[in-house]
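Report on one structure; see the data block that follows.
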Amino acid sequence: MIEIPRQKPKFRFAPSPNGSLHLGHALSAILNHEMAKEAGGDFLLRIEDIDLARCTPDFESGIHADLAWLGLRWQEPARRQSEHFPAYQKALQTLIERGLVYPAFLTRGEVKAKVAAFEASGKPWARDPDGTPLYPSDDRERSDAERQRLLATGMKHAWRLDVERAMATVGGRLHWQESGDGEKGDILADPAAWGDVVLSRSDAPSSYHLSVVVDDAAQGITHVVRGLDLFHATSIHRLLQTLLNLPEPLYHHHRLVLDDNGRKLSKSLGDTGIAEWRRRGLSPAELRRRIGL
């Protein structure tokens, strides 16, 4: 009997260097590190710096300093998304050639106006699991000739996934295996809940959804451990993995670290960062206790 070698478990922590890491990031990083160690696997660091306007070298250096202070060690070198734009473009081109994405020309202002006008009639506009209005159908329903005409003018556009067509292409239902702090077991994916998500914009060569599945496959990630706020996004990720013939990791969505008002911590809202706690004299052990470890 031939014994098939078992794939070595690989976990990753993937922060964006657009602000200082907070206690929620510390929980995610530590969980990934400890679960990788327990499984006899590797802990990888990925720097998700697609947003070149907001991501800075100083924040990236801060990430390395914070993780090192926590006592975490990762496999070098860390993957930086800004060094892999061609890989994301290749994946997008595959979907374009299969007719599974379309150019979307509506501006944020135009979408907002459409939603407001519709809801003024007293009817609610459909929203995704994060509460964002689903993208209107205008661009999806354009003829190919009209799309080509607009593209030829150089009009700014994004590329959006035609979720309904994509689901028809894969056939059947999509699932993922979940072991986190919410629902567990075999989870039925619901990509349609997100509407036609953005995969690329004129000011960014890839979206989070597209780059994360390409990166996980490229790095051989076997276990995705991240916050419960990304639980529902897994539906889109499973769809993209299937469309692009990428491997399916196991998923573990962990609890979030909340403030005194029950709000999820956020870099954009200026929640206290790990570096500030360190400056105040908190030890790594005390920080672990603060986040319930």
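Along region 59-73 the Karplus relation, 6.51 cos²θ - 1.76 cosθ + 1.60 evaluated at θ = phi - 60°, assigns HN-Hα couplings of 5, 5, 4, x, 4, 4, 5, 5, 5, 5, 5, 6, x, 8, 10 Hz to successive residues, with x for each Gly and Pro. Cα to Cα, under 16 Å, and not fewer than 8 places away if on the same chain: which lysines meet these conditions relative to K37? Cα-Cα hits under 16 Å: K8, K10.
Compute, for the chain, the length of the dipole vector about the Cα centre, with Cβ point charges of +1 (Lys, Arg) and -1 (Asp, Glu) only. Units Debye, rounded to 20.
With Lys and Arg at +1 and Asp and Glu at -1, about 260 debye.
The string of couplings for region 278-289 from the Karplus curve (6.51, -1.76, 1.60, θ = phi - 60°) is 5, 5, 6, x, 5, 8, x, 5, 5, 5, 4, 5 Hz, one whole number per residue in order, with x for Gly and Pro.
The mean of 1/r over all pairs of different alpha-carbon atoms in region 107-228, once inverted, gives a Kirkwood hydrodynamic radius of 17.2 Å. The C-alpha atoms of the chain define a longest principal axis, and helix 234-243 lies at about 70 degrees to it.
Put a plus charge on the Cβ of each Lys and Arg, a minus charge on the Cβ of each Asp and Glu, and nothing anywhere else: the dipole of region 165-292 about its Cα centre is then about 420 debye.
DSSP beta bridges confined to the chain are antiparallel in about 50 percent of cases. Taking amide H positions as modeled 1.01 Å from N, with prolines and chain starts lacking one, the residues under 5 Å from G227 and 5 or more places away or on another chain are H254.
Evaluated at q = 0.11, 0.14 Å⁻¹, a Debye calculation over the C-alpha positions of the chain (equal weights, vacuum) places log10 I(q)/I(0) at -0.74, -1.15. Within the shell defined by Cβ-Cβ distances under 15 Å, the residues around D260 carry a net charge of +1, with Lys and Arg each +1 and Asp and Glu each -1.
Every number in this text was worked out from the coordinates using simple rules, so none of it is lab data. Remember, predicted model here, so these are calculated numbers, not experimental data. Glycine also receives a Cβ, built like all others from the backbone with ideal geometry; neighbour counts cover every protein chain displayed.
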